[in-house]
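Shown next, in structure tokens, is the structure this report addresses.
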Amino acid sequence: WVVLQWQSMKAPSKNYKVAVYLLDGQGRLVGQVDKLLLSNYLEPTSFWQPDQLEMDYYTLPSMPATPPGEYTVAVAVYDADTGTRLRVPDAAAGTAPTSVSVGTLQVIRPLNPPQVEPMDRPPVGETKIAPGMQLLGYDVPARVASPGETVRIALYWQATEDLTHDYLASLQLRDEEGHIWLEQEGRPVDGTYPTTEWSEGEIIKDWHDIRLPPDTSPGSHELLLKIREKGEVVGGTTLGYLEMEGRPRVFSIPEIQYPMQMTLGAGVLFLGYDLMSDAAKPGDTLQLTLYWQALEEMAVSYTVFTHLLDAEEQVWGQMDSIPLRGEAPTTSWVAGEVITDPYEILADTEAPPD
């Protein structure tokens, strides 16, 4: 149970929903419940009065085979009609996230192994991948990816005995010519729940996020799983294929309407922008184009925030996005590349003249 208490600061004009969810140490979702925020009289928030105080109850599940460990409980509020999340201003940090952590939860080993339904399974007779451990199946939700993207893979393990082996799982990406583009190795569950702690019959869902190198060649690439103990390969299998679809890359700087250079961090050079018009009416859409140049490869995917602000810095329009409408995350940039990044900012219909 999660119990949340709410207070309206003013009379809300919209109906809101609440998402309560469970995150692992890498920010992966392992449980969630969503429902309409209601008063004790079952009234949605558009009927609430200023300073109204309410309490709401949520039953938060965790996904089957969630590994034992400590997880974060987070809360988000969003518009019931549009799905747009409310932001939580943090003046000290200078950010406005869309969720807030409300505590932690300890997940323990279940009394009985859960039922799991992997998206794919190994061939019959090939589930035993290493002594004392079998691979029940795996999820590879996206079989088409672009260089620089992060592909999320889930492996479903079952211990066939109380394990004393300290296994490492290695994921490789190999092209048709046999070239290995990446190899990522580590203990299961991000190193937080090693196989030496697994008990007979236990089933574990083990997530792995693999970042594809920005220069990965296009075409079909095989995804390989190998199990190692003390440096020796003791088992392995194939997890199928990923199709790499790279986007065209540009390394020449185009003509820019308003050129200006500013270095952001160590990896990004802002080159300037185009603005189709410097005047607009409430409800108009502003056409803005930003120009970036990558100075180095980046391991973090950044989001661009474009805001229309008045003199008091109140927001009257915004569009936030991963660059190029999500098609060019910063993790996919290579050194020297120039990214043309368009935005359409809708000016609020109630924006005052100024």
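Read-outs: derived from the displayed coordinates by stated rules, not from any lab. For clarity, every value in this text was computed on a predicted model and none was experimentally measured. Note: ideal-geometry Cβ built from the backbone for every residue, glycine included; neighbour counts use all protein chains shown.
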With each label point set 7 Å from Cα along the Cα-Cβ vector, what nm distance links Thr150 and Gln7?
3.7 nm
How are the C-alpha pair distances of segment 267-342 spread across 5 Å bins, as whole percents from the shortest bin up?
3, 14, 23, 23, 15, 11, 7, 3
In the chain, with Lys and Arg counted as +1 and Asp and Glu as -1 at Cβ, which of these residues, Gly326, Ile203, Thr285, has the Cα nearest the positive end of the dipole, that is, farthest along it?
Ile203
Please work out whether the chain counts as rounded, prolate or oblate from its C-alpha gyration tensor, where a ≥ b ≥ c are the square roots of the eigenvalues and a/c under 1.5 means rounded, while otherwise a/b larger than b/c means prolate and anything else oblate?
oblate
Calculate, for Tyr57 and Thr164, the FRET efficiency according to 1/(1 + (r/R0)^6) with r their C-beta to C-beta distance and R0 56 Å; round to the nearest 0.05.
0.80
When Lys and Arg each count +1 and Asp and Glu each count -1, what net charge do the other residues less than 13 Å away from Ser321, Cβ to Cβ, add up to?
-3
If one puts a single equal scatterer on every Cα of segment 145-243 and applies the Debye formula without solvent, what log₁₀ I(q)/I(0) results at q = 0.15, 0.20, 0.25 Å⁻¹?
-0.62, -1.00, -1.38
Dipole check, the chain, charges on Cβ (K,R +1; D,E -1), about Cα centroid: among Val338, Ala96, Ala169 the Cα furthest to the positive pole belongs to Ala169
Which residue fluctuates most in the GNM of the chain (Cα springs below 10 Å): Pro61, Pro123, Pro141?
Pro123
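About its Cα centre, what dipole magnitude does segment 1-145 give when the only charges are +1 on Lys and Arg Cβ and -1 on Asp and Glu Cβ, stated in debye to the nearest 20?
Taking the Cα centre of segment 1-145 as origin, the dipole is about 220 debye.
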Across the chain, how many lysine pairs separated by 8 or more positions, or lying on different chains, have Cα atoms within less than 18 Å?
5
Convex hull of segment 139-195 built on C-alpha atoms - directionally averaged projected area, nm²
5.2 nm²
Give me the number: length gained by fully extending Ala142 to Phe270, i.e. 0.36 nm times residue separation minus the C-alpha to C-alpha distance, one decimal in nm.
42.9 nm
Tell me the label-point distance for the pair His307, Thr349, using the 7 Å Cα-to-Cβ offset, in nm and rounded to one decimal.
2.4 nm
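Rounded, prolate or oblate, given the Cα gyration tensor of segment 186-338, with a/c below 1.5 counting as rounded? Before the final figure, lay out each step's value.
Values: a/c = 3.03, a/b = 2.13, b/c = 1.42.
Prolate.
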When the Cα centres of segment 150-184 and segment 202-278 are compared, how far apart do they sit, in Å?
19 Å
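Calculate, in nm to one decimal, what Thr285 and Arg325 gain on full extension: separation in residues at 0.36 nm each, minus their alpha carbon distance.
Gain on extension, Thr285 to Arg325, equals 12.8 nm.
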Given R₀ = 51 Å, FRET efficiency for Thr340-Glu126 by Cβ-Cβ distance, to 0.05?
0.60
Between Ser217 and Glu255, how high is the FRET efficiency from 1/(1 + (r/R0)^6) when r is the Cβ-Cβ distance and R₀ = 41 Å? Nearest 0.05.
0.80
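Magnitude of the Cβ-charge dipole of segment 266-354, K/R +1 and D/E -1, about the Cα centre, nearest 20 debye?
The calculated dipole for segment 266-354 is roughly 260 debye.
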Quick check: from the Cα gyration tensor, does segment 100-158 come out rounded (a/c under 1.5), prolate or oblate?
oblate
Treating the beta-carbon of each Lys and Arg as +1 and of each Asp and Glu as -1, no other charges, what is the dipole magnitude of the chain about its Cα centre, to the nearest 20 debye?
620 debye
